[in-house]
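Let me begin by presenting the structure, written as structure tokens, before commenting on it.
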Amino acid sequence: KPLIFALANPNPEILPEDVKAVRDDAIMATGRTDYPNQVNNVLCFPYIFRGALDSGATTITPEMEIAAVYAIAELAQAEQSEVVAAAYAGEPLVFGPEYLIPKPFDPRLMIKIAPAVAQAAAESGVASRPIADMEAYRERLQSFVYASGTTMKPIYTAAKRGSKKRVAYSEGEEERILRAAQIVSDEGLARPTLIGRPAVIAERIEKFGLRLREGIDYDVVNVEQDSRYRDFWQTYHRMTERKGITVQVAKIEMRRRLSLIGAMLLHKGDVDGLICGTWGTNATHLPYVDQVIGKRPGVNTFACMNGLLLPNRQVFLVDTHVNYDPTAEQLAEITIMAAHEMKRFGIRPKVALLSHSNFGTSNEPSAVKMRETLAILQKDAPWLEVDGEMHGDIALDGDTRAIQMPNGTLHGDANLLVLPNIDAANISYNLLKTAAGGNIAVGPVLLGAAKPVHILTPSATVRRIVNMTALTVADANASR
């Protein structure tokens with residue numbers, strides 16, 4: 001086949017359509033973004049320099065250049081990242097004549113090329129600071145690409161301890177789930193169990209250029225053909241027969257409610273954790289989790305915690321999705337559960353109870369509720385650094401708060417914000433996520449469940465799904 005590189009800009013020496021008119025089997029690259037196979041120095045120069053500088057290379061050798069070429073070639077043959085797939089929606093981005101070169105803004109370029117160049121620098125003897133731990137170097141680069149990496153590192157470490165766990169995904173046919181499952185499989189985080197139709201899943205894996213193999217990299221549960229279906233609906237009926245669920249309803253629900261199927265798999269021990277919620281609302285899925293999985297012993301309420309990675313701080317908010325107007329007792333329980341969860345991220349919780357009132361300036365019921373929450377926490381969790389009720393701005397500005405309340409019991413900036421109701425929590429979370437957080441979030445983290453299960457939101461990205469999988473596996477390891 002003819003291989004043509006017409007790299008003059010802005011007008012190539014010959015246009016691809018002219019070549020195709022003569023030889024439709026020709027493979028062609030240009031320097032233009034509006035044609036396939038754009039040759040762009042942004043693909044390699046920044047990352048060659050990154051690997052060279054990080055290893056203290058005294059020069060750039062041919063071996064380093066060749067290493068960059070092989071890294072780019074490997075990435076071209078890999079499945080597409082979510083960022084590239086979204087930007088080029090509708091284009092078949094699978095390795096072949098129309099896709100020989102990765103897109104220039106693929107976020108994985110730095111993670112692939114810089115380590116390859118640094119390794120080649122060491123092997124060719126020009127690295128004055130050879131990188132001894134290449135895996136740690138890759139993780140450091142990944143933290144630049146995926147801002148959640150630093151926050152999630154303790155969770156990934158905990159997830160990779162022990163035997164490989166099985167995690168069920170209720171929406172197993174969904175594109176983001178399949179892309180996340182590929183990463184989960186590649187990183188050895190878990191063995192995905194995809195709930196859905198095997199033929200549809202296989203067809204979409206091929207369509208998206210993924211490498212997942214049924215029975216090797218993942219398993220499929222299709223209740224239409226699963227011998228466990230009878231046991232599943234009978235078990236569900238026994239659990240709910242005095243809650244209005246008849247035999248017929250149990251049979252129907254167990255065939256069509258994907259989160260119910262996932263919850264039953266978890267209940268039966270066929271999987272170790274469950275991820276659901278990429279469509280619908282929290283209220284769509286939580287009832288099935290409650291019916292089948294239930295709450296941990298001693299826990300009276302479910303709640304959701306969300307984390308945000310803002311430019312100069314990390315903050316967590318509760319309760320963003322479950323309790324519409326929690327009581328003081330519920331807020332205290334939610335706060336304690338959230339504080340324990342934050343510790344798993346390696347973060348010391350510093351709690352602010354938020355209100356329109358600032359240390360007694362209002363006696364409206366919502367303000368009184370937050371003061372009552374503080375009293376309960378001071379009694380039941382004396383170890384917890386907490387204060388309130390207070391305004392949101394001084395919660396995040398410890399210096400100003402110290403002037404207004406010099407004898408306060410919270411020192412420094414708060415990192416766990418407890419809101420009085422679901423409106424305040426959900427609105428605050430979504431505004432901060434979009435306006436200041438660059439959509440970089442962790443969660444929702446479901447608090448209070450008896451087994452490892454998390455309910456996502458329809459806006460969940462592939463990276464967020466992978467992060468929540470790691471958290472689910474860490475939950476399973478902790479409760480084994």
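The values are calculated or read from the model by the stated rules, or taken from the named source; none is laboratory data. Only a predicted model underlies this, so the values are computations on that prediction, with no experimental measurement involved. For neighbour counting, all protein chains shown are included, and Cβ atoms are generated from backbone atoms with ideal geometry for every residue, glycine included.
The number of residues in the range 410-469 being farther than 25 Å from L274 by Cβ and either in a helix (DSSP H, G or I) or not assigned by TED's automatic domain parsing to the domain that holds V386 (or both) comes to 8.
Contact annotation: residue pairs with Cβ atoms under 9 Å, 6 or more positions apart or on different chains, pairing a residue in the range 155-171 that is assigned by TED's automatic domain parsing to the domain that holds V223 with a partner that is modelled with pLDDT under 80 and in a loop (DSSP other than H, G, I, E, B), are G162/R480; S163/R480; K165/R480.
Anything in the range 207-244 that is without any contact (Cβ under 8 Å) to a residue 40 or more places away in the chain and either of a type in the set (S, T, N, Q) or in a loop (DSSP other than H, G, I, E, B) (or both)? List them, or say none.
Listed by number, the residues that qualify are L212, R213, G215, I216, D217, N222, Q225, D226, S227, Q234, T235, G244.
The lone criterion from (1) in contact with a Ser or Thr (Cβ under 7 Å, 6 or more places away or on another chain); (2) surrounded by 24 or more Cβ atoms within 10 Å (Cβ to Cβ); (3) within 29 Å of V351 (Cα to Cα) left unmet by Q314 is number (2). Scanning the range 416-454 for residues that are touching a Ser or Thr at 6+ places or on another chain (Cβ under 8 Å) and β-branched (V, I, T), which turns out surrounded by the most Cβ atoms within 10 Å (Cβ to Cβ)? The residue in question is V418. Looking only at the range 115-138, which residues are without any contact (Cβ under 8 Å) to a residue 24 or more places away in the chain and part of a helix (DSSP H, G or I)? Matches in the range 115-138: M134, E135, A136.
Whether any residue in the range 339-350 is surrounded by 21 or more Cβ atoms within 10 Å (Cβ to Cβ), under 18 Å from L471 (Cα atoms), within 28 Å of the chain's Cα centre (by Cα) and of a type in the set (D, E, K, R) is what I want to check. Yes, the range 339-350 contains at least one residue that is surrounded by 21 or more Cβ atoms within 10 Å (Cβ to Cβ), under 18 Å from L471 (Cα atoms), within 28 Å of the chain's Cα centre (by Cα) and of a type in the set (D, E, K, R). Only one entry in T284, T335, T373 is modelled with pLDDT under 95 and not acidic (D, E), namely T284. H356 satisfies every condition listed in (1) farther than 22 Å from H411 by Cβ; (2) assigned to a helix (DSSP H, G or I) except (2). Considering every residue within the range 156-170, establish whether at least one is in a loop (DSSP other than H, G, I, E, B) and touching a strand residue (DSSP E or B) at 6+ places or on another chain (Cβ under 7 Å). Yes, that holds for at least one residue.
Taking the criterion of being surrounded by 16 or more Cβ atoms within 10 Å (Cβ to Cβ), under 24 Å from the mean Cα position of the chain (by Cα) and of a type in the set (S, T, N, Q), the residues of the range 255-304 that qualify are S259, T278, N282. Scanning the range 22-39 for residues that are in a loop (DSSP other than H, G, I, E, B), within 21 Å of V69 (Cβ to Cβ) and aliphatic (A, V, I, L, M) yields a count of 1. Screening D219, D226 for residues that are assigned by TED's automatic domain parsing to the domain that holds E203, modelled with pLDDT of 95 or more and acidic (D, E) leaves exactly one candidate, D219. All of V83, V94, V42, V19 fail the test of being modelled with pLDDT under 90, loosely packed, with under 13 Cβ neighbours inside 10 Å and not in a strand (DSSP E or B), apart from V42.
Contact map, the range 282-298: first residue over 20 Å from I252 (Cβ atoms), second residue part of a helix (DSSP H, G or I), Cβ cut-off under 8 Å, separation 6 or more or different chains; pairs are I293/A263; I293/L266; I293/H267. Name the single residue, out of those in the range 372-402 being assigned to a loop (DSSP other than H, G, I, E, B) and in contact with a helix residue (DSSP H, G or I) (Cβ under 7 Å, 6 or more places away or on another chain), that is farthest from L310 (Cα to Cα). Result: A381. What do you reckon, is H321 touching a Cys at 6+ places or on another chain (Cβ under 6 Å), at negative phi and not assigned by TED's automatic domain parsing to the domain that holds H237? Taking the combined requirement at face value, the residue satisfies it.
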